[in-house]
Amino acid sequence: MRRKLIAANWKMHKTPDEARAFVRDFAPLVANQNRDDIALFPPFISIPATIEAVAGTRIGVGAQNMHWEKQGAFTGEISAAMLICIGCSHVIIGHSERRQYFLETDVAVNRKLRGALEDGLLAIVCVGELFEERESGLTEGVLRRQVGAALREISGQDVDKFCIAYEPVWAIGTGKTATPQIASDAHAFIRAEAAKEIGDEAASKLRILYGGSVKPENAHDLMSQEQIDGALVGGASLDPKSFAAIVKW
Ligand code: 13P
């Protein structure tokens, strides 16, 4: 049985004060929820405030990006080792917005995953097709390429240290959610592709999250699917009540 992870990707939202206020309101709402793992991903500068605010709860805190090297001449970058030293436990890698706007490549995603595993951050690696790719029947080809590249030279023994998030780009911030069937089919395909890299047994343990317009209203239908091992939530995670309702799916 794979334990689900419900994660809030705040993207470029919430100052340290706003992050503290969120946790103050959110933590009591989910204090009795032990069924799934919960993690918050604030912008870098709000990570310390969030970590302080969640102390004593079972909520994890992570970064939305990282560099694969431990240190060096990489202006503007932050390493996994640095994230760990301030108490981060998780990291998002290869979000479609990073791929789209910051030209992150499949090779960079693989390097980042290897860096995260080496240093001990739980990584969520994002994959997903564009609208035009789905329309042109290219979804499986895109997922095969992204999953294959991301998991290159990754050991099946590390399968409990990373997840994949299937985030179809056409569903992100658009209000268009993948149906539970579309998401389940994509997850099954991703699992089969992951098995080619990490082996069948490890792939059966791999957590595959869904992201893209997850809301309190659709969380139950999506999270009850056998293939869906959690959610990566953007817009609907910014409000404590709304994210708590998703956690309670
Ligand atoms: P939305 O939930 O706003 O569609 O964003 C999804 C996402 O990109 C999470 O990483």
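The values are calculated or read from the model by the stated rules, or taken from the named source; none is laboratory data. Keep in mind it's a predicted model, so treat the numbers as computed, not measured. All Cβ positions, glycine included, derive from the backbone under ideal geometry; neighbour counts span all protein chains shown. Keep in mind that these areas ignore ligands, DNA and RNA; they rest on the heavy atoms of the full protein, side chains included. Shrake-Rupley method; radii C 1.70, N 1.55, O 1.52, S 1.80 Å.
Under 7 Å by Cβ, and 6 or more places apart or on different chains, what pairs join a residue from the stretch 227-241 that is within 14 Å of the ligand (Cβ to nearest atom) with one that is hydroxyl-bearing (S, T, Y)?
Close Cβ pairs satisfying both conditions: A231/Y210; A236/S242.
Could you check, for the stretch 18-31, whether at least one of its residues is in contact with a Phe, Trp or Tyr (Cβ under 9 Å, 6 or more places away or on another chain) and under 18 Å from K161 (Cβ atoms)?
no
Counting only residues that are within 15 Å of the ligand (Cβ to nearest atom) and aromatic (F, W, Y), which one in the stretch 152-175 is nearest to D106 (Cα to Cα)?
Y166
Out of (1) touching a helix residue (DSSP H, G or I) at 6+ places or on another chain (Cβ under 9 Å); (2) at positive phi; (3) of a type outside the set (S, T, N, Q), the odd one out for P42 is which?
Of the numbered conditions (1) touching a helix residue (DSSP H, G or I) at 6+ places or on another chain (Cβ under 9 Å); (2) at positive phi; (3) of a type outside the set (S, T, N, Q), the odd one out for P42 is (2).
Consider the stretch 160-188. How many of its residues are crowded, with 18+ Cβ neighbours inside 10 Å and over 23 Å from K215 (Cα atoms)?
Counting residues in the stretch 160-188 that are crowded, with 18+ Cβ neighbours inside 10 Å and over 23 Å from K215 (Cα atoms) gives 1.
Filter the stretch 81-107 down to residues that are over 13 Å from C163 (Cα atoms) and among the small types (G, A, S) and give me whichever is nearest to the ligand (Cβ to nearest atom).
Ranking the candidates gives S96 first.
Would you kindly identify the strands (runs of 3 or more DSSP E) lying entirely within the stretch 154-249 that contain at least 1 residues that are at positive phi?
Those strands (runs of 3 or more DSSP E) span 230-233.
List every residue pair whose Cβ atoms lie under 7 Å apart, where the two residues are 6 or more positions apart in sequence or sit on different chains, the first residue falls within the stretch 129-151 and is of a type in the set (K, R), and the second residue, located anywhere, is open to solvent by 40 Å² or more (accessible area, probe 1.4 Å).
From residues that are of a type in the set (K, R), there are no pairs.
Provide a single number: the residues in the stretch 47-102 that are in contact with a helix residue (DSSP H, G or I) (Cβ under 6 Å, 6 or more places away or on another chain) and basic (K, R).
1
Filtering the stretch 1-21 down to residues that are hydrophobic (A, V, I, L, M, F, W, C) and more than 16 Å from the ligand (Cβ to nearest atom), which residue is most open to solvent (accessible area, probe 1.4 Å)?
At the first step, the residues of the stretch 1-21 found to be hydrophobic (A, V, I, L, M, F, W, C) are 1, 5-8, 10, 12, 19, 21.
Next, only the ones that are more than 16 Å from the ligand (Cβ to nearest atom) stay: 1, 19, 21.
Working: M1: 230, A19: 0, A21: 30 Å².
Taking the candidates together, the pick is M1.
Just checking, does the stretch 176-187 include any residue being of a type in the set (S, T, N, Q) and within 16 Å of the ligand (Cβ to nearest atom)?
Within the stretch 176-187, one or more residues are of a type in the set (S, T, N, Q) and within 16 Å of the ligand (Cβ to nearest atom).
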